[in-house]
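A short reminder: the numbers here are calculations on the coordinates, not readings from a lab. Only a predicted model underlies this, so the values are computations on that prediction, with no experimental measurement involved. FYI the Cβ positions are ideal-geometry reconstructions off the backbone, even for glycines, and counts take in every protein chain you see.
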C-alpha cells in the first residue's frame, strides 16, 4: 500500500511538515492547519471530480461536521479531539449515505445544483434557529487530546496533519483498487461500465459517501482549529463555491494536489485581505477565472510538468 | 378577511419580485445549461444604475416621472453591456468545456463584479425614492400600501406574458425551444446557436437588471445586495423546475405566498419556509415541479 | 448637574494623573493599531466608513498633539500610531482567522474596533487565548462580559441593555398611553438581545402594556420588509421597536414611511442616529430616536471643548456631522491613548490592560466609567429624543432629548442584565 511514489512523498513530506510545525511561527502553523483541514474536503471532491461529478453544495457536509463539533462541545461538553472529529465525520457520512440515494441518479449540472439546494436547506434552518446560534454561530473551546488540554496549538496541528496524511494514503490506495479506478470510465461512458458488470449507481454512491465523510471531517477539524463556527462561513453557497474553486485550483492529478491547493488558497486569501481590504473578493475571483482559463489542470499540472522536465 | 387580503397582496408582491429575477435565471439555464451565479450581479448593477441616475436626474430638476424611463433604460443598458461583455469575453470561450466549470467561471465573475461595484459606485448607499413618492399610497384591506409596490405585480405579469408570447407565438420561440430541447439537433437544422446563446444571455441579464432596477426605489441600494437574491431565485428555480418559465412563475407564487403567510402568522419560520418548500420538492420531485422534457440520449 | 460636574472633574483628575505618571518608560517611536470596521457590504456606508473616519481623525490629532486638553500630549505614550484598516465583513469565522493573522503574523500592538456583535462575541475568547489587548468600539451584545470574565478585552461604550432600558423608560415618561408594542429586529445576537431587554423592561415598568406575539426577526441585510410592515400595521400594538442599524434601518424607515407605518404607530429606533443625518427630509417626524448612547445627533450641541472640537473637526474634514459610530470609534482610540499614556508605549498587553481596567475618563461627548465586567465594560449615560425636520435649517433635529445616567440603565457590576431587569432593576439610580 505504501510502495508507490505518491505514498512515499505523502509520508515523508507529512513528517517533515510536522517537524517544521514545531519551529514555525504561529501564523504559519495556523495557515497549515486551516489549509490541511480544508484539504480533506477537497480530497473528497477530487474523487467525485474524477468521476465527472462536481458538487456545488459540499458545504452541507462541511457545515454538518463543524456544527457537530459545536453541539458536542456546547450541549454535551465533549472536548476530546478524536470524539469530535469522528462525530463530525460520521454524522456527515450518514447524511451523505442517505442523500446519496437521491444523488446517485443525477449527473452534471443537476448533480451540482441539487447539492446546492440541500446545503441551502441546512443553511436556512440554522440561520433561523436561535438555539443553533442563528447567524452568530458558536465559539468552540480548544479540544483536549487524550484528556490533556494542550498549552499551544501544536498538538492539534500534529493531529490534523496526521489525519491528513492517513486520509491521503487511504484515498491514494482506494484510487488504485478496482472500484476506485472506476472514475474516468464512469465519466466517459457509464453504459460501458454497466456492461462490464459494475453498478454505476453503487460506485457513485460509495464515492459520494466517502466525500461526505471527508468533508464532515474537514469541517470538524476546521471548527476546532478556528475556534468558531457560523453559517455564513461554513454552510452558505459561497463556501461550497470556495471548495470547488480550491479543487479546480489544485487539479485532479494527485492526492497531494488538494493539500498544495488549499495552502495556496489560504495564503492567497490572507494576502489579498491584507493588501486590499476593500477588494479581496476581486483578487480571489480574478485568480479563479485565470486558473479556469489558463491552468485547467490546476497547480498540479505545473508541478508534474516541472517533474517531467527535470527527470 | 383583512389579514387574508394583506397576506395575498404581500405574497404576490414578493412573488413578482422573485419572478422577474428568476425568469432571467431560468431562461439562461434552459437554453444554455448555465447556472448563472453572476445573475446576482446583474440584479445589483441594475439597482445601482437606476438608483444613481434617478438621483442625478432629480438633482438636475427633471420631472420625477422620468424615473420609470430610467428604470427600464438601466435594465436594458446593464443587460446589454454586462450580458454582452460577459458572454463574448468569457462564456463564449467555454462552451466546449464542462458545464460545471462554466458555473464556476460565473462564480468567479460574481466575486469580481461585487467589488467592481464598490469601485464604480463607492460604499455609500443610494436612495432613489422619487418614483415611489410620485405614486403615493392607497388604503387596502385596512392598511396603507404604496402604489409603487403594487405596480410590481403588473410588471411581473407583463414579463410573464412577454415570455409566453415570445416562446409560443414567434419564430424565435420555436428556435429557442428547439435549442432547449436538443442543441445538436438545433445546429444541424441550421440554427445559429452561438447567436441564440448571445441573445439569450443578454435577455436573461436584462431581466436580472430589471429586477434590481425596479426594486431600487424601495430599498437602500448598498453593497452586497446581490448575494441574497441568488439564494432566493435559486430556490424558486429549483422548486419550479430548472429551465421552465412556467415553473419559475409557479415557484415564485408558492414561495412568495408561503413566506407572506409565515411573516404574518408565524414569523419565526419565515426564512425556513423558503428552504422547506425546496426540500420537500427535492425529495419528491428532484427535477422540480415543471422540469422541461429531456430527450433520452445514449 | 452638580453630580455630572463632579464626575467630570474626577475624570479629568484621573486622566491628568495618568498623563503625569506616564512617559517614563522606554518609549517606542511608533505603534500599529488595527482598526476593523465594515468597509464592504450594506453596513459600510452608514456605519463602517464614519467609524473608520472617526478613528482616523482622532488618531491623526493624537499623533500631532492636536487634541484639546487634557489629551494634548503628543502620541500614544509618546509613540505615533499608524492604523491598519480592515474589513469586518464576511462572517465571524473569517474574522477569527483574520484576527489570528493580525496578532500572530502582522504583530499589531493593539486592536481597536468592531461593529458587529456577532464578531465581538466570537473574538473575545480568541483575544483572551492570544493575550491580545483589544478594545471593542461599537458592538452591543451584553453577553461578552457576562458569560466569562475577560482580561485583555475592553468595550468603551455601554451595551445593548442600556439602549433598551433607556428606550423603555423614555417611552414610559413621554408616551404613557402606549398600550401594546411589537418589534422588528435582526435575527442575531444584537437583535435578539435588544428585543429581549426592551420586552423585559416594558414588562417591569409598564406592566399594563401588551407585547405582540408576532414580533419580526428577519435575517440581517434582508433589505425588503414589505410583508413585515404589513404584519406590523395589522398588529394591535401601537409601538414598533427596532434595533435595526445601517442600511437595513434606512430601508426599513423608507418602506415604513411610504406606507404610513410611523403615522399609525410610534416608532422607537435604538440605533436611529446614523439615519438622522443621512436621510434628511425622508426621515419621518416623531420617531423616538437613540444613538446607542450620548453620541451623534443627540449631543451635537453639547458645548464642552472636547465635543466642539470633535464636531467641528469632523465637519471640516468630511463635510458632514459625525454620527454615532464616528464618536464610538474615536472614543475607543482615545481609550487606547489613555492606556498607552499610563503604561508607556512599549508596554505589554498585560500592562496596557491593567492601565485601562477600571479607569474613568472624559471622552468627547460624555464621561466613560470602565466599571462593569470587572472594569472592562464601560458604563455611560444613554438618551433618546424625538425626530423633527427643521425646514429652515434644512436638517433633522431631535427635540425632548432626555438622558438617563449609567447607573439607571445598566446593571451593577457582576449582575447579569436579564436577571437585573427581571428582578425589578434593583439598585438603579435614576
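Please order C:340, C:170 by the number of other Cβ within 10 Å, starting at the fewest. Walk me through the numbers before you get to the answer.
On the way: C:340 32, C:170 24.
Fewest-to-most Cβ neighbours within 10 Å comes out as C:170, C:340.
Between rounded, prolate and oblate, where does the protein assembly as shown land on the alpha carbon gyration tensor, with a ≥ b ≥ c its root eigenvalues, rounded for a/c under 1.5, else prolate if a/b exceeds b/c? Let's see the in-between values first.
On the way: a/c = 1.88, a/b = 1.24, b/c = 1.51.
It is oblate, given that a/c is not under 1.5 and a/b is not larger than b/c.
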* Could you please rank C:297, B:76, placing first whichever residue has the fewest other Cβ atoms within 10 Å of its Cβ? => B:76, C:297
* To do: List B:284, C:136 from most exposed to least, where exposure is judged by having the fewest other Cβ atoms within 10 Å.
  => B:284, C:136
* **Three-way shape label, chain B, alpha-carbon gyration tensor, a/c 1.5** => oblate
* **Rough spin-label spacing in nm, given labels placed 7 Å along Cα→Cβ, for residue C:234 and residue B:285** => 2.8 nm
* Asked: Angle, helix B:66-78 long axis vs. longest principal axis of chain B, Cα atoms, 0 to 90°, nearest 10?
  -> 20 degrees
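Just check chain A against the gyration tensor rule for me: Cα atoms, a ≥ b ≥ c as the square roots of the eigenvalues, rounded for a/c under 1.5, and otherwise prolate or oblate depending on whether a/b exceeds b/c. Could you put the intermediate results ahead of the total?
Values: a/c = 1.37, a/b = 1.16, b/c = 1.18.
It is rounded, given that a/c, with a ≥ b ≥ c, falls under 1.5.
Looking at the protein assembly as shown, what % of its DSSP beta bridges pair antiparallel, to the nearest 5? Before the final figure, lay out the partial values.
Details: 27 of 58 bridges.
Counting DSSP beta bridges with both partners in the protein assembly as shown, the antiparallel share is about 45 percent.
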* Asked: What average count of beta carbons from other chains do you get within 10 Å of the Cβ of residues in C:80-89?
  -> 2
* Can you give the mean number of other chain Cβ atoms that lie within 10 Å of the Cβ atoms in peptide A:110-116? -> 5
* Asked: At a Förster distance of 51 Å, what's the computed FRET efficiency of residue C:29 paired with residue B:84, Cβ-Cβ distance as r, to 0.05?
  -> 0.40
* Structure fact -> The alpha-carbon center of segment A:145-174 and that of segment C:362-382 are separated, in whole Å, by 45 Å
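Across peptide A:262-268, how many C-beta atoms of other chains are within 10 Å of each residue C-beta, on average?
Values: counts 0, 0, 0, 0, 1, 0, 0.
Counting other chains' Cβ atoms within 10 Å and averaging over A:262-268 gives 0.
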* Asked: Once you put a point 7 Å from the Cα of residue C:173 and another 7 Å from the Cα of residue A:129, both along the Cβ direction, what distance in nm separates them?
  -> 4.3 nm
* To do: May I ask you to derive the relative contact order of chain A, considering only C-alpha pairs under 8 Å and at least 6 residues apart, and to give it as an integer percent?
  => 34 percent
* Would you mind pulling out the separation of the Cα centroids of segment B:61-98 and segment C:283-345, in Å? => 43 Å
* Backbone N under 18 Å from the residue C:281 label point (7 Å along Cα→Cβ), restricted to segment B:33-59 -> B:54-59
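Whole number please: convex hull volume per residue, Cα atoms of segment C:334-429, in Å³.
It is 134 Å³ per residue.
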* Quote the relative contact order of chain C in percent (integer), defining contacts as alpha-carbon pairs under 8 Å separated by 6+ residues. => 21 percent
* To do: Please work out the Cα center distance from segment A:184-237 to segment A:100-143, rounded to the nearest Å.
  => 14 Å
